[in-house]
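The values are calculated or read from the model by the stated rules, or taken from the named source; none is laboratory data. Quantities reported herein were computed from a predicted structural model and do not represent experimental measurements. Heads up, the Cβs are rebuilt from the backbone with ideal geometry, glycines too, and the neighbour counts pull from every protein chain shown.
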Amino acid sequence: MQGPIVVATDGGPAAANLLRAAAALAREANQPILIVGAVEDGENANASALGIEPDADVREEIERLVRADVANMARPAVGETRFRVHVEAGRASAVVRRIASKHHASLIVVGQGHPTAVDRLFGDAALNIVRAAEQPVLVVPDDPSPTATAKRAMWPPRRVIAGFDFSPTS
């Protein structure tokens, strides 16, 4: 592995599981984690509906606040593993793929999520990343129920599924 492990997160409840998996891999590979979040244009819809178009200062402040929230959420999950947070405005899948390429990521870690039928047609962020990323992508399932977690740790996984279509990237 040559570059950081990129973790794509929206900061939701499944993020801690993603970060624990990425931290275990990062410690093993002696690589830092780059946590990437995106503030999608739809998240500014409320301001736009009121006729307020966020200027650059407002966008920067939103990104700063999201970056701080994600960093605070990440600290307990990654422990002593080196990490930094990158947040920017844009479509999540495009932001993650671009940042992963820019930093020569060795791996992208995404959550399984729960895509709807519409997401499956048009693609949700995780699905778009899996389909279009130049780097290997690890899809981590959501945390199981608390009782299942008590019975077995989520990392390392007991089973791994690898897709292979004989293309150069696979």
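Residue-by-condition table, conditions (1) closer than 12 Å to ILE35 by Cα; (2) part of a helix (DSSP H, G or I); (3) at pLDDT below 95; (4) in contact with a helix residue (DSSP H, G or I) (Cβ under 9 Å, 6 or more places away or on another chain):
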| residue | (1), (2), (3), (4) |
| --- | --- |
| ARG64 | no, yes, yes, no |
| ALA68 | yes, yes, yes, no |
| ALA71 | yes, yes, yes, no |
| ALA74 | yes, yes, yes, yes |
| GLU80 | no, no, yes, yes |
| ARG84 | yes, no, yes, yes |
| ALA94 | no, yes, yes, yes |
| ARG97 | no, yes, no, yes |
| ALA100 | yes, yes, no, yes |
Next on the checklist: Kindly evaluate ALA14 against the criterion of being among the aliphatic types (A, V, I, L, M), closer than 15 Å to LEU138 by Cβ and modelled with pLDDT under 85.
Outcome noted: yes
Item to check | Residue check, VAL118 more than 30 Å from ASP57 (Cα to Cα), of a type outside the set (Lys, Arg) and either modelled with pLDDT of 90 or more or in contact with a strand residue (DSSP E or B) (Cβ under 7 Å, 6 or more places away or on another chain) (or both) | outcome: no
Checklist entry - Which of the residues spanning region 33-57 are in a helix (DSSP H, G or I), at pLDDT below 75 and exposed (fewer than 14 other Cβ atoms within 10 Å of the Cβ)? => result ASP41, GLY42, GLU43, ALA45, ASN46, ALA47, SER48, ALA49, ALA56
